[in-house]
Amino acid sequence: GTLRLTDYWQALGAAGQAEYGRLIDAELGRLPATPSEQNRWGEVLGIRSRAQAYARCAGDFDLLQRVLRWDLSEPHDHLTVLASLREFGREREALAWAEQAVKRFPRDGRLRAAFAECLHAAGLDEEALDQCWQRFRLVPVPASWDDLKRAAGEQWPQWRARALDTVQAGEGQAATLRVELLQHDGDLAGAAVLA
């Protein structure tokens, strides 16, 4: 765990790689059956980190999934699994995983953005646009504005007006966020008028 495994993986050779794999298996045997607040950190984090590095170097998809899915208590954990599915070219599984994760954590904007990416990759552009809209409503910041704009394409003028109306309804009399979004969009005249 002191050096990056990728830096010396080839130098280990087949025998060294196999021995490293045996050491990882022994460490994984010490993992508790299920995660809890008490056993999620410390030594367990190191074991999981080393096992992930080994699984990637060895190209062991099943081991990587086992290690990553050991703890799925937070949205970030689901994003990590999703990234690994896409890393290994498992787009169909990634789409199903992202949909399941959004159902479990419907208010997480990062998961919605990842789900939108998977939908777009599958050619489901209308569904991707809907997820971008849901994300923008949850987190109306420039990054989600950009994703919505990209997904809307030629329909952007209508979606832009809808987005600004939604932000206005949430702001009440304040216009700070709308001004920021207009500035971000390059509409300095509109931002100045609103300000």
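Among the residues making up region 122-149, a single one is closer than 21 Å to residue 83 by Cα, part of a helix (DSSP H, G or I) and over 18 Å from the mean Cα position of the chain (by Cα): 125. Restricting attention to region 57-109, the residues that are touching a Gly at 6+ places or on another chain (Cβ under 7 Å) and crowded, with 20+ Cβ neighbours inside 10 Å add up to 0. Sub-8 Å Cβ pairs linking a first residue in region 171-183 that is closer than 9 Å to residue 195 by Cα to a second residue that is open to solvent by 30 Å² or more (accessible area, probe 1.4 Å) and assigned to a loop (DSSP other than H, G, I, E, B), at least 6 apart or interchain, are 175/195; 179/195, ordered by first then second residue.
The values are calculated or read from the model by the stated rules, or taken from the named source; none is laboratory data. In this text, all values refer to a predicted model and were calculated from it rather than measured experimentally. Backbone-built Cβ (ideal geometry, glycine too); neighbour counts: all protein chains shown. Note: areas computed on protein heavy atoms with side chains; ligands, DNA, RNA excluded. Shrake-Rupley method; radii C 1.70, N 1.55, O 1.52, S 1.80 Å.
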